[in-house]
């Protein structure tokens, strides 16, 4: 009997597992690891959101099954958020669905719309669920890279995108875009989305936009939504999440909004797979979206302070890291002294010799090699200590 299954065979070795195993081994030996490896928010969920959860959980009937597409109040709250933030109108009944985090939504949409052999265009480097959700669903991938020494080139990406679709047989089912980007922290303007929508409509190709870091930005220039583009809803769906905006990662609340056909497909497949998030969590999520938004600014400012400390302290240690304009990550080139070791080798050295954990760029695709991702998930004191440790490593 075979001991490996076809879908599992299609997945490459999970690079993170090597780093995580080493981290666990060192911690079990009593070593204090300063962990920038996972984008796991360390700040508490704002009090008024926690209070709404506590208040709701004691009401009769809250332990019953919920709705797989999300309770009406939460879908309405997300529609109001899009109107308030992007001036985009959404029908909560047909254009909004609640997901168990944006990751689950992307993976299940892949299952809903993909047939074996379908072609999907995805950036590289990329957040792993973008390519691998579709690989699991049986798709074939075409990677698009447009990074020039760590900087995203919008014009080059659009040129490659158009060329890839023209020369693809069969025509691609979907294009994935994700800005602010995880892992590279790159941002785009509305003009970029206008061109992507033109291309998608021209070739009848769906666009899947991941906007998980919509509210984590640092230069008073909020990231746009692809749905702000005229006619975008004809072909586009967008995923967002409360994980980073409200420090609610473990609550697993996200959304997909936009194109009715895609939302309908995702709604139908989710109806077979889950009953939605625990109702009190959804009620608290609606309170997050409808309530005071000062907490969002506070969380954003905390990440900005950490970013500034990281860039300045690492620079004094001899590691020059470009300043990210958005997201909770920095995309850092490997110091020259360690470039021959590659991103995985450098990440291991950082842990073993400097007690600092980062994510190797290779984990996000072959074009992520030469970089590591640093999550802003340790406080300023710990960031400064990490810089001191790195300084010793760099000599």
**Report entry** Meets criteria (in contact (Cβ under 8 Å) with a residue 24 or more places away in the chain and surrounded by 15 or more Cβ atoms within 10 Å (Cβ to Cβ)) for residue 300
**Finding:** yes
Query raised in the report: Among the listed residues 52, 69, which satisfies the condition of being closer than 24 Å to residue 250 by Cβ, touching a residue at least 12 places away in the same chain (Cβ under 8 Å) and more than 26 Å from the chain's Cα centre (by Cα)?
Result: 52
Query raised in the report: Can you spot a residue in region 100-110 that is in the same structural domain as residue 266 (by TED's automatic domain parsing), in contact (Cβ under 8 Å) with a residue 60 or more places away in the chain and outside any helix (DSSP H, G or I)?
Result: yes
Query - Which numbered condition residue 84 fails, given (1) under 30 Å from residue 220 (Cα atoms); (2) touching a residue at least 24 places away in the same chain (Cβ under 8 Å) - result: (2)
Requested in this report: Check whether at least one residue in region 317-334 is farther than 21 Å from residue 41 by Cβ and part of a helix (DSSP H, G or I), and report yes or no.
Outcome: no
Report task. Could you tell me whether residue 7 is modelled with pLDDT of 85 or more, assigned to a helix (DSSP H, G or I) and within 28 Å of the chain's Cα centre (by Cα)? Result -> no
Requested in this report: Name the single residue, out of those in region 10-60 being modelled with pLDDT under 80, in contact with a helix residue (DSSP H, G or I) (Cβ under 9 Å, 6 or more places away or on another chain) and not in a helix (DSSP H, G or I), that is farthest from residue 369 (Cα to Cα).
Outcome: 10
Query - Residue check for residue 231: crowded, with 20+ Cβ neighbours inside 10 Å and in contact with a helix residue (DSSP H, G or I) (Cβ under 7 Å, 6 or more places away or on another chain) - result: no
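Condition check ((1) closer than 30 Å to residue 41 by Cβ; (2) outside the structural domain of residue 81 (by TED's automatic domain parsing); (3) surrounded by fewer than 23 Cβ atoms within 10 Å (Cβ to Cβ); (4) more than 19 Å from the chain's Cα centre (by Cα)) across all residues:
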site	(1), (2), (3), (4)
144	yes, no, yes, no
167	no, no, yes, yes
196	yes, no, no, yes
200	no, no, no, yes
Query raised in the report: Considering region 329-347 alone, what residues qualify as being without any contact (Cβ under 8 Å) to a residue 12 or more places away in the chain and in contact with a helix residue (DSSP H, G or I) (Cβ under 6 Å, 6 or more places away or on another chain)?
Result: 338
Requested in this report: State the number of residues belonging to region 347-365 that are part of a helix (DSSP H, G or I) and either modelled with pLDDT of 95 or more or closer than 15 Å to residue 386 by Cα (or both).
Outcome: 8
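Residue-wise test of (1) assigned by TED's automatic domain parsing to the domain that holds residue 245; (2) buried (at least 18 other Cβ atoms within 10 Å of the Cβ).
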{"site": "11", "(1), (2)": "no, no"}
{"site": "15", "(1), (2)": "no, yes"}
{"site": "22", "(1), (2)": "no, no"}
{"site": "65", "(1), (2)": "yes, no"}
{"site": "78", "(1), (2)": "yes, yes"}
{"site": "91", "(1), (2)": "yes, no"}
{"site": "97", "(1), (2)": "yes, yes"}
**Report entry** Residues satisfying the stated conditions in region 366-395, i.e. under 27 Å from residue 122 (Cα atoms), in contact with a helix residue (DSSP H, G or I) (Cβ under 7 Å, 6 or more places away or on another chain) and not in a strand (DSSP E or B)
**Finding:** 368, 369, 370, 376
Report summary line: Taking region 146-165 and keeping only residues that are closer than 27 Å to residue 321 by Cα and surrounded by 12 or more Cβ atoms within 10 Å (Cβ to Cβ), one is left with 146, 147, 150, 152, 153, 154, 156, 157, 158
Query raised in the report: Based on what the data block shows, is residue 326 in contact with a strand residue (DSSP E or B) (Cβ under 6 Å, 6 or more places away or on another chain), touching a residue at least 24 places away in the same chain (Cβ under 8 Å), assigned by TED's automatic domain parsing to the domain that holds residue 17 and under 24 Å from residue 23 (Cβ atoms)?
Result: no
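The values are calculated or read from the model by the stated rules, or taken from the named source; none is laboratory data. These figures come from a predicted structure and were not determined experimentally. Heads up, the Cβs are rebuilt from the backbone with ideal geometry, glycines too, and the neighbour counts pull from every protein chain shown.
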